[in-house]
Number of protein chains: 2
Amino acid sequence: MTNTETERKVETAQTAALQLAQLSDEQRRTALLDVADALEARTDEILAANERDVEAAEELLADGEYTRAFVDRLTLSVSKVESIAEMVRSVADQDDPLEKTLEARRLDEGLELYKVAVPIGVVGAVFESRPDALVQIAALGLKSGNAVILKGGSEALHSNRTLFEIITDATADVPDGWAQQIEAREDVDTLLEMDNAVDLLMPRGSSSFVSYIQDNTSIPVLGHTEGVCHVYVDADANLEMAEDIAYDAKVQYPAVCNAIETLLVHEDVAETFLPAIVDRYEAADVEIRGDEATREFVDVEAATDADWDTEYGDLIVSARVVDSLGTACNHITTHGSKHTESIVTEDADRAETFMRSLDSASVFHNASTRFADGYRYGLGAEVGISTGKIHARGPVGLEGLTTYKYHLEGDGHLVATYAGEDAKPYRHEEFDGEWMPGRLAGE
Amino acid sequence: MTNTETERKVETAQTAALQLAQLSDEQRRTALLDVADALEARTDEILAANERDVEAAEELLADGEYTRAFVDRLTLSVSKVESIAEMVRSVADQDDPLEKTLEARRLDEGLELYKVAVPIGVVGAVFESRPDALVQIAALGLKSGNAVILKGGSEALHSNRTLFEIITDATADVPDGWAQQIEAREDVDTLLEMDNAVDLLMPRGSSSFVSYIQDNTSIPVLGHTEGVCHVYVDADANLEMAEDIAYDAKVQYPAVCNAIETLLVHEDVAETFLPAIVDRYEAADVEIRGDEATREFVDVEAATDADWDTEYGDLIVSARVVDSLGTACNHITTHGSKHTESIVTEDADRAETFMRSLDSASVFHNASTRFADGYRYGLGAEVGISTGKIHARGPVGLEGLTTYKYHLEGDGHLVATYAGEDAKPYRHEEFDGEWMPGRLAGE
């Protein structure tokens, strides 16, 4: 009967989504501020529930099943709840991604076409460990007018239940059923099959987890698998700049997807550049694995074939000496994950070739790969990073949770008028204008 | 070995796609004009190949396996080849969908982010019957810088082979392998599994054919399944206008997806409106199937439950009397296919409610549903109509075959500068500017 219940929840969300799409930004914003206040007011309940999850996790930590880092991510505190509430307020205050006319075109006198931003509908989110993920996804969904189906990890079961209850209690003015929670693994399988009811899936977790979701559904997936990013130090690089960028891109925060895994160095500058960067890396405890040519210049471990395809997510970097820009681009095309790559060069033509010929979501010139991030890009609240090419690519803001509808305002216009022998021609004039419900802009 | 060959073809297309993305609009345009000339120059070859297909089809027509309409769609002529060549020229002359900066944002002094339109990569097209589909999809792909994998129906085998040969011969200056042809049904299965290499699928054919593709791949699909469209005649409709719109939406071209299947009529105007429209429909040989309330006003066949969900694609219409706008919207939500719906009313508030509350790609006020079309919308060459909500929705122009990349131009910028205690703030200023390869806009 679990499946039937999940189906019922998704159908309820579908109905709610239609009503939710009609709320004004002020209504959605107010609801989110109420959620933030409720989270703070009910901190004790959250912490009590979280304690039950943490206790269970500590036992599994003792058994060696969980790591300390895992249990830390799971653990909430008063200040952590405050920062979650602040995150909700910041989502509330984002620019409205809806109620925007993206294009307006006069097809003919009195016949006006408007392309209007609207919510996608029902978004399913499946995520692991951190309980703040539930709140963040619910907040992003509500701000963008989408109904959400939330499935957290079993390790955060009690925390998630309490957070979900607080969110639904605080959004009593929002169409009932806009947020739904599912808990069992079988429910996820049901969700993955409901391609007629769920419009988008947002998995969050390890690459293998995201890949599993992608491989087991025909629902579109907004997610991020691997980040095997590169810095290429060109023959014409400012080597001091290259050193700083290579260092920042690896060391500033090695655990994230936009940190580099591989450094590609042109042979003309390898002798000068490699010893300098290796000194700095070693001072920061970075392990370096080099190809044969690299090891002629610096004394580092030998890289294996597997190194070029590996996302370390740690203080490890592989290095390869290349004979040309073309070889560097081929290496990236063969081994990269189309995430983020940077060239360091003073030569504009080579920068252009690098940026044009790579099929990565973000391609940089003389900047650290670590800038590939929704906040740094100025996109506002980050929905996620997409390694797909369709719909949303790279860092994704709230816009990624919207689609559009065409609104056509006419005055009895018929296609027959524009067809056949005496066909009237279309005007097709773009104009600046917002859709005025039920009225022509000219009136 | 077939599978291996298909895989090799797709991989060749992947490599070609990277080079194709770097051609200028002028290069792509010139190549397309060459294709158009070659099609006209080699008309005899095309007609000879087509004759073989048509002969085989005539036999199956005699056996009752094919319809006359099917064989007619398959048959080419001198004037048909000319019109295909003209279509290619019109695609060639479209505005370039690439080389556009969609957004430019200064993250900080000397650190400029550009969101740049780029091709999607490798597009797989699987289509039935008409040989002109092969040429059209190849032309749209080339104009938008995408490599294409083409799979036509077996009934057009010889026509498609010749057309493909002419296209590849005429595009010798375009990166080799940009267009690939596959022929066997097993090759399609291979294609559907290559989600790491194929970026988008464009199936063309019946709803069941498109649904089959959607259900058997995790590659994103740009396609169109059903078109169950509605006209709702409100209590405050101008009834003369409503009659014209209901007539145009059904009769002007009944075989297409944006023609209506169901007419919803408010009970307050049913007595006046229904007899009038039924007269006009009957004069045009439209078969009308009504619910019980409809049949109180007009003498028509009884509609069954199945009628409300059926895309007739023919001169048949179902009619239902409703007691309110809400009932009309509920009917459309329950039975519609989220394609195109129109309300006829003089009441702006009710038009707004209708347009906001329906989750259809196109929602119209006082206009015929037949306007839902890329050409009429002024989108230029029509890539297709999408019934999905992600990436592209409704009528899709060349823009639907593009995605974007982020280009970041820096001057040695590091994330460390913007993190930690003395973090420098971002500026995040939007500005009007085109990406200048390898250079900052300020220089």
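Among the conditions (1) crowded, with 21+ Cβ neighbours inside 10 Å; (2) more than 25 Å from A:VAL116 (Cα to Cα); (3) over 21 Å from the mean Cα position of the chain (by Cα); (4) not small (Gly, Ala, Ser), A:ASP347 misses just one, which is (1).
One line per residue, one yes/no per condition, for (1) part of a helix (DSSP H, G or I); (2) surrounded by fewer than 19 Cβ atoms within 10 Å (Cβ to Cβ); (3) not aliphatic (A, V, I, L, M):
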residue: A:VAL35; (1), (2), (3): yes, no, no
residue: A:LEU39; (1), (2), (3): yes, no, no
residue: A:ALA48; (1), (2), (3): yes, yes, no
residue: A:ASP53; (1), (2), (3): yes, no, yes
residue: A:ALA56; (1), (2), (3): yes, yes, no
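A single member of B:ALA319, B:ALA303, B:ALA270, B:ALA246 is touching a Leu at 6+ places or on another chain (Cβ under 6 Å), over 14 Å from B:THR369 (Cα atoms) and surrounded by 19 or more Cβ atoms within 10 Å (Cβ to Cβ), and it is B:ALA319.
Looking at A:GLY374, is it surrounded by fewer than 23 Cβ atoms within 10 Å (Cβ to Cβ) and facing another protein chain (nearest Cβ under 8 Å)?
On the way: surrounded by fewer than 23 Cβ atoms within 10 Å (Cβ to Cβ): yes; facing another protein chain (nearest Cβ under 8 Å): no.
So A:GLY374 does not fit the description; no.
Filter the range B:414-434 for residues that are facing another protein chain (nearest Cβ under 9 Å) and either among the β-branched types (Val, Ile, Thr) or touching a Phe, Trp or Tyr at 6+ places or on another chain (Cβ under 7 Å) (or both) and give the result. Quick ask: steps written out before the conclusion?
Step one: list which residues in the range B:414-434 are facing another protein chain (nearest Cβ under 9 Å), which gives B:414-419, B:426-430.
Of everything in the range B:414-434, those that are facing another protein chain (nearest Cβ under 9 Å) and either among the β-branched types (Val, Ile, Thr) or touching a Phe, Trp or Tyr at 6+ places or on another chain (Cβ under 7 Å) (or both) turn out to be B:VAL415, B:THR417, B:TYR418, B:TYR426.
From the list B:GLU103, B:GLU155, exactly one residue is part of a helix (DSSP H, G or I) and assigned by TED's automatic domain parsing to the domain that holds B:SER24. Which is it?
B:GLU155
Only one of (1) touching a residue at least 24 places away in the same chain (Cβ under 8 Å); (2) at the interface with chain A (Cβ under 7 Å from one of its Cβ atoms); (3) buried (at least 24 other Cβ atoms within 10 Å of the Cβ); (4) outside any strand (DSSP E or B) fails for B:HIS407. Which number is that? For B:HIS407, the failing item is (4).
Out of curiosity, is B:GLU282 modelled with pLDDT of 95 or more and either within 19 Å of B:PRO254 (Cα to Cα) or not in a helix (DSSP H, G or I) (or both)?
yes
No other residue among B:SER357, B:SER362 is within 9 Å of chain A (Cβ to nearest Cβ), over 30 Å from A:GLU346 (Cα atoms) and touching an Asp or Glu at 6+ places or on another chain (Cβ under 8 Å) apart from B:SER362.
If we keep just the residues of the range A:71-84 that are surrounded by fewer than 20 Cβ atoms within 10 Å (Cβ to Cβ) and in contact with a helix residue (DSSP H, G or I) (Cβ under 7 Å, 6 or more places away or on another chain), which is nearest to A:ASN160 (Cα to Cα)? If you could, list the steps in order and put the result at the bottom.
First, the residues of the range A:71-84 that are surrounded by fewer than 20 Cβ atoms within 10 Å (Cβ to Cβ): A:71-73, A:75, A:77-80, A:82-83.
From the residues that got through so far, the ones that are in contact with a helix residue (DSSP H, G or I) (Cβ under 7 Å, 6 or more places away or on another chain) too are A:71, A:75, A:78, A:82.
Values: A:VAL71: 15, A:THR75: 12, A:VAL78: 16, A:GLU82: 16 Å.
So the residue we want is A:THR75.
Here B:GLY388 meets each of (1) facing chain A (nearest Cβ under 8 Å); (2) under 30 Å from B:SER211 (Cα atoms); (3) in a strand (DSSP E or B) with one exception, condition (3).
State which residue is farthest from A:ALA38 (Cα to Cα) when the search covers only the range A:67-96 and only residues that are assigned to a helix (DSSP H, G or I) and charged (D, E, K, R).
That would be A:ARG68.
The set of residues from the range A:244-255 being more than 10 Å from chain B (Cβ to nearest Cβ) and out of contact with any strand residue (DSSP E or B) (no Cβ under 7 Å at 6 or more places or on another chain) comprises A:PRO254, A:ALA255. Select, from B:ALA441, B:ALA423, B:ALA419, the only residue that is among the aliphatic types (A, V, I, L, M) and in contact with a strand residue (DSSP E or B) (Cβ under 7 Å, 6 or more places away or on another chain). Result of the check over B:ALA441, B:ALA423, B:ALA419: B:ALA441.
Which condition number in (1) touching a residue at least 60 places away in the same chain (Cβ under 8 Å); (2) out of contact with any Lys or Arg (no Cβ under 6 Å at 6 or more places or on another chain); (3) buried (at least 21 other Cβ atoms within 10 Å of the Cβ) is the one that B:ALA92 fails? Against the list (1) touching a residue at least 60 places away in the same chain (Cβ under 8 Å); (2) out of contact with any Lys or Arg (no Cβ under 6 Å at 6 or more places or on another chain); (3) buried (at least 21 other Cβ atoms within 10 Å of the Cβ), B:ALA92 comes up short only on (2). Restricting attention to the range B:18-33, and to residues there that are of a type in the set (A, V, I, L, M) and assigned to a loop (DSSP other than H, G, I, E, B), which single residue is surrounded by the fewest Cβ atoms within 10 Å (Cβ to Cβ)? For the range B:18-33, the residue satisfying everything is B:LEU23. Checked against the criterion of being assigned by TED's automatic domain parsing to the domain that holds A:ILE288, in contact with a Cys (Cβ under 7 Å, 6 or more places away or on another chain) and in contact (Cβ under 8 Å) with a residue 12 or more places away in the chain, the range A:316-337 contains not a single residue that satisfies it.
Restricting attention to the range B:406-422, the residues that are closer than 20 Å to A:GLY380 by Cα and modelled with pLDDT under 95 total 2. Which members of the range B:395-404 meet the condition of being without any contact (Cβ under 8 Å) to a residue 40 or more places away in the chain and within 7 Å of chain A (Cβ to nearest Cβ)? Correct list: empty.
Counting only strands (runs of 3 or more DSSP E) wholly contained in the range A:178-252, the ones carrying 1 or more residues that are over 30 Å from B:ASP195 (Cα atoms) occupy A:179-181, A:229-233.
Applying the selection to the range B:281-297, what residues are surrounded by 15 or more Cβ atoms within 10 Å (Cβ to Cβ) and over 14 Å from B:LEU263 (Cα atoms)?
So the first thing to find is which residues in the range B:281-297 are surrounded by 15 or more Cβ atoms within 10 Å (Cβ to Cβ), and the list is B:281, B:286, B:288-291, B:293-295, B:297.
Selection gives B:PHE297 alone.
Answer yes or no as to whether B:ALA235 is exposed (fewer than 15 other Cβ atoms within 10 Å of the Cβ) and either basic (Lys, Arg) or modelled with pLDDT of 95 or more (or both). So B:ALA235 does not fit the description; no.
Going by the structure shown, is B:GLU399 acidic (Asp, Glu), surrounded by fewer than 21 Cβ atoms within 10 Å (Cβ to Cβ) and not in a loop (DSSP other than H, G, I, E, B)? Walk me through how you get there before you give the answer.
On the way: acidic (Asp, Glu): yes; surrounded by fewer than 21 Cβ atoms within 10 Å (Cβ to Cβ): yes; not in a loop (DSSP other than H, G, I, E, B): yes.
Against the criterion (acidic (Asp, Glu), surrounded by fewer than 21 Cβ atoms within 10 Å (Cβ to Cβ) and not in a loop (DSSP other than H, G, I, E, B)), B:GLU399 qualifies.
Within the range B:188-197, is even one residue under 24 Å from B:ARG393 (Cβ atoms), buried (at least 18 other Cβ atoms within 10 Å of the Cβ) and outside the structural domain of B:LEU358 (by TED's automatic domain parsing)? Yes. For the range B:112-130, indicate whether the set of residues that are part of a strand (DSSP E or B), among the aromatic types (Phe, Trp, Tyr) and surrounded by fewer than 24 Cβ atoms within 10 Å (Cβ to Cβ) is non-empty. Yes, there is a match, as at least one residue in the range B:112-130 is part of a strand (DSSP E or B), among the aromatic types (Phe, Trp, Tyr) and surrounded by fewer than 24 Cβ atoms within 10 Å (Cβ to Cβ).
I'd like to check something: does the range B:261-281 contain any residue that is of a type in the set (A, V, I, L, M, F, W, C) and in contact (Cβ under 8 Å) with a residue 60 or more places away in the chain? Walk me through it before giving the result.
Here is the first cut: in the range B:261-281, the residues of a type in the set (A, V, I, L, M, F, W, C) are B:263-265, B:269-270, B:273-274, B:276-278.
Still in the running and in contact (Cβ under 8 Å) with a residue 60 or more places away in the chain: B:264.
Yes, because at least one residue in the range B:261-281 is of a type in the set (A, V, I, L, M, F, W, C) and in contact (Cβ under 8 Å) with a residue 60 or more places away in the chain.
The values are calculated or read from the model by the stated rules, or taken from the named source; none is laboratory data. For clarity, every value in this text was computed on a predicted model and none was experimentally measured. No Cβ is skipped: glycine too gets one built from the backbone with ideal geometry, and neighbour counts run over all protein chains shown.
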